[in-house]
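**Q** Dumping the structure here so I can ask a few things about it.
Values in this text are rule-based calculations from the coordinates and carry no lab data. Just so it is clear, the structure is predicted and the values come from calculations on it, not from any experiment. In this analysis, Cβ positions are derived from the backbone assuming ideal geometry, glycine residues included, and neighbour counts consider all displayed protein chains.
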Amino acid sequence: MTYEDVPGLVGTKQAHGETTILVETSRLVDAAAYLRDELGFDFLSDITATDYLGWGTRGVAGYIGTDSGRDLNTPGAQGFERTPEPKPKRFSVNYHLLAVRAGAPRVRLQAWVDDGEPVPSVVPVWPTADWHEREAWDLMGIPFEGHPNLARILMDDDWQGHPLRKDYPIGGEPVRFSPEE
C-alpha cells in the first residue's frame, strides 16, 4: 500500500509494524477522509497526544546511576547511543487507524502543533473522535477547531491546567475530596 496521494503528506516512516503518515496540520481532515474513503481505514481506535517539551535538549533522557555513581553533568541516554533529535513542534497528535479486513496494515496519522495552536477536528470523518479529542483537550490542552463540544471529559469543569503536560506543576495540589478540617 502506498500513501503518496494522501493530502498534505510530509513524510512516512515504518517502525514497530506500523506506518506513520506525517501530514500538515492544516490538511489533517482531508488526509483522514482520504485514508477512510480511498484506502479503507474505517476504524479510529485512538487519538494520543504527546508533549515533547525539552526533547532533544541536555538532560532530557534523565540520569542513570552506575556502579561508580551518578554523574549529574552527563545525561544518560537510557540505552540509546545518543540523545534524541529535536522534534518539529512541542506536541504530536496521533490518530491510530485500522481497516476492518484481514491482513490490513496499522497506520498512525500524525500532525505536530505548538502550544495553543489548534488542530482541526476529525469528528466529521470519525464520530468517535469526539471523546478522544475531548480527552486530549482536557489532559494536554490541545484545542480542536470545529469540535462540536470541546469540554472537559475527565477532570472537574473548574480544574485549572492540563495535568499530562510536562510543564504542569507536580505536587502541591490540594486533595480535592478530603474532608476539610
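**Q** Could you work out the relative contact order of the stretch 1-54, using alpha carbon pairs under 8 angstrom and six or more residues apart, expressed as a whole percent?
**A** Computed value for the stretch 1-54: 27 percent relative contact order.
**Q** Still on this model: So, R0 is 25 Å and r is the distance between the beta-carbons of Leu9 and Leu164; what FRET efficiency does that work out to, to 0.05?
**A** Given R0 = 25 Å and the Cβ-Cβ separation, E is 0.30.
**Q** Now for a different question. Can you pull the one-decimal nm distance between simple spin-label points at Thr19 and Thr128, each 7 Å off the Cα toward Cβ?
**A** Distance between label points: 2.1 nm.
**Q** On to the next question. Taking H placed 1.01 Å from N in the peptide plane, check which residues at least 5 places from Phe41 or on another chain put their amide H under 5 Å from its amide H.
**A** Under 5 Å from the amide H of Phe41: Arg36.
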